[in-house]
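Each remark here refers to the structure printed beneath this line.
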Amino acid sequence: MRKMIIAAALLAAACATAPAAAPAPAPQTNGGAVSPVPAAIAPADGTSLNPADAPAGAYTMDPRHASVVWRVRHTGLSLFTARFDTFEGALNFDPQNPANSSVTASIAANSVSTNVVNRNGEHAFDHDIANTLGAEANPNITFVSRSIELTGPTTGLITGDLTLNGQTHPATLEASFHGGRFIQLRGKNVIAFSARTIINRSQWGVTNWALFTGDQVEILIDAEFIKD
Amino acid sequence: MTARLALAATAFVLAACTPPASEPETPPAPVVVNAPSGEYALDPNHTSVTVRVSHFGLSHYTLRFNTASGTLNFNAEDPAQSSIEASVATTSLDTPYGGPRDFDAELQNSEWLDSASFPAATFRSTAVEQTGPGAANVTGDLTIRGVTHPITLAVTYNASHSPHPMGVQISLIGFSARGTFNRSDYGLNVLQPTAGANDGVSNDVELIIEAEFTRPIENTPAPANTPAEPVN
C-alpha cells in the first residue's frame with residue numbers, strides 16, 4: 001500500500017520521462033519506513049529539457065537559487081533534515097556529449113544549518129555538527145567529478161571524489177537535468193540540475209551520535225548554473 | 001522494501017515515473033505501533049517543514065520554516081480516529097541564501113506571507129483515511145494569510161517508541177508527510193508565471209514534513225534532561 005502512495009505521489013506530479021539510473025540504497029530504515037521526497041515539480045513551457053539546446057562552456061552555480069539539503073534517520077522516527085548554506089560550484093557543460101561535462105563543488109563545512117536552537121536561542125547544535133565534520137581542520141567539503149555515465153536523455157550518474165572530514169572517497173551523484181533557458185533579466189543562459197546521493201558517513205570517519213543517528217546520509221542538491 | 005523505497009526516491013530525483021509494476025514485489029514491513037493512545041506534543045527539534053517551488057521552470061527552490069508546534073491526538077487502536085493541529089511561525093521562514101539580498105525578509109513582507117499580520121500558518125485535521133498499513137491521507141484546513149482551504153497530506157507512519165530508546169520515560173511517534181497546494185488560493189500571487197512562459201515562481205507549492213511527537217509516560221516521574229541526545 002505504501003507503494004501505492006508513492007506511485008500516486010509520482011503520478012500526481014505529472015512526470016514525463018522514464019528513469020534509468022540505478023537506484024542508490026535508501027537511507028537505513030532502522031525499523032521505520034523511509035519517506036521519499038516527493039516527485040519533482042514538472043517542467044513546463046519556456047524551459048527546454050533538451051540539454052543540446054543549452055550553450056557549451058563554463059557555468060557558475062547561482063547561490064541564490066541553489067540548496068544543499070541533507071537528511072539522516074533519527075531513531076527510525078524521522079529524517080532529520082538540515083542544510084549547508086555556503087557553497088559554490090562550477091560546471092563545464094558539453095551539450096553535445098553531456099558525459100564529457102565536469103563539475104566541481106565546495107561546501108563550507110561550518111555552514112551547517114539546522115532549525116535547532118538551544119535554550120539561549122543559539123544555533124549551538126549547528127556548531128556541534130560542524131565539529132563532528134572536522135570543520136576546523138578541514139573547512140571545505142569538496143566534490144570533483146571524475147566520470148559521467150548517461151542513464152537517460154536528462155539523467156546521469158556523476159562519479160567523483162568527495163572529500164569530507166579531510167578524507168577522500170568516491171561518491172556517485174544521481175543527477176537530473178531540469179532544463180535550460182535564456183533569462184532575459186540576466187541576459188544569460190541558465191541551466192538547472194538536481195543531484196542526490198547517499199553516503200555512509202562512517203566511511204569519512206564521521207561517527208558521532210551513532211546510537212540514535214543513521215550512518216547513511218542522503219544529500220539532495222538543487223541548483224541553477226549561470227553561463228559565464 | 002529497501003529496494004522499493006530506493007526506487008521511489010530515485011524516481012523523485014529523476015523527476016520521472018516509476019510504474020508500480022516495475023518495483024520488486026516484496027511484502028511491506030509489518031507496522032508495529034509501540035506508543036499508546038493519548039495527546040502528544042510536536043517535538044520542534046526533530047521536526048522539519050520544507051517547502052519547494054519551481055523557479056522559472058528550472059530549480060526546485062527550497063526553503064524551510066524553523067519553528068513549528070502542534071498537538072497530536074493519537075489513537076493507537078484506531079489510527080483513523082487520530083487528529084492533529086499544527087502551527088508554523090511564518091516569521092521563521094529561512095532560505096539558504098545568506099548573501100546581500102535578504103530573501104527571508106522579502107518573503108515575509110506584505111506582498112508575500114505578510115508575517116507581521118499573519119504570524120502563523122496553521123493546519124487542523126478534519127479527516128484521516130487510512131490508505132494502508134502505516135499510511136494515511138490526512139485531510140484538514142490549511143490557513144495561510146488568514147485564508148483557509150482544505151488540503152490532503154499523504155502521511156507515512158515511521159516508527160514509535162515507548163519508552164525512548166535511551167530509557168527516558170517518554171513515548172515517541174514519528175511521521176513523514178507531504179502535500180501540494182496552489183499559492184494563489186491563499187492570495188500569494190507575486191511572481192506568478194505568465195501564461196505559457198513558465199517564468200516566475202510556480203503556483204504549485206510542495207510541502208515536505210518530517211515530524212516527531214512526544215508524550216510523558218504516565219505514572220512516572222517527569223523526565224530529566226537527556227544528556228545523550230544533543231538535540232533534546
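Values in this text are rule-based calculations from the coordinates and carry no lab data. The structure displayed is predicted, hence computed values, not measured ones. When we count neighbours, we look across all protein chains shown, and the Cβ atoms used for this are built from the backbone with ideal geometry, even at glycine.
Under the simplified labelling scheme, the A:ALA99-B:GLN169 pair shows an inter-label distance of 6.4 nm, with each label point 7 Å from Cα along Cα→Cβ.
Is the shape of segment B:69-111 best called rounded, prolate or oblate, per the rule: a/c under 1.5 gives rounded, else a/b larger than b/c gives prolate, else oblate, with a ≥ b ≥ c the square roots of the Cα gyration tensor eigenvalues? Cα axes put segment B:69-111 in the prolate bin. In this simple spin-label model, placing a label point 7 Å from the Cα along the Cα-to-Cβ direction at both B:ALA41 and A:GLU149 gives a separation of 5.0 nm. A Förster distance of 45 Å, applied to the separation of the beta-carbon atoms of A:THR60 and B:SER117, puts the FRET efficiency at 0.70.
Measuring between their Cα centroids, segment A:163-228 and segment A:84-149 lie 8 Å from each other.
Charged side chains reduced to their Cβ positions (Lys and Arg at +1, Asp and Glu at -1) give segment B:108-220 a dipole of some 200 debye around its Cα centre. In whole angstrom, segment A:90-228 maps to an equivalent ellipsoid with semi-axes of 31, 19, 13, each derived as √(5λ) from the alpha carbon gyration tensor and ordered largest first.
At a 10 Å Cβ-Cβ cut-off, how would you order A:HIS123, B:HIS46, fewest neighbours first? Going from sparsest to densest Cβ surroundings: A:HIS123, B:HIS46.
The slack in the chain from B:GLN192 to B:ALA89, taken as 0.36 nm per residue of separation less the alpha-carbon distance, amounts to 34.7 nm. Once divided by 2.2 N^0.38 Å, the Cα radius of gyration of segment A:150-228 becomes 1.41. Sorted into 5 angstrom bins from 0, the C-alpha pair distances of segment B:91-232 split as 2, 8, 12, 15, 15, 14, 14, 10, 6, 3, 1, 0, 0 percent. Only the Cβ atoms of Lys and Arg (+1) and of Asp and Glu (-1) were treated as charged; on that basis the dipole of segment A:95-228 about its Cα centre amounts to roughly 420 debye.
Put in line by how crowded their Cβ is, counting other Cβ atoms within 10 Å and starting with the fewest, B:ILE217, A:ILE191 read B:ILE217, A:ILE191. Post the alpha-carbon centroid distance, segment B:27-81 to segment B:94-153, in whole angstrom. Taking the Cα centre of segment B:94-153 as reference, the centre of segment B:27-81 is 13 Å away. Of the residues B:TYR97, A:TYR59, the one with the fewest other Cβ atoms within 10 Å heads the list, and the complete ranking is B:TYR97, A:TYR59. In this rough spin-label picture, where each label sits 7 Å from Cα along the Cβ direction, the A:VAL117-B:ARG101 distance is 2.6 nm.
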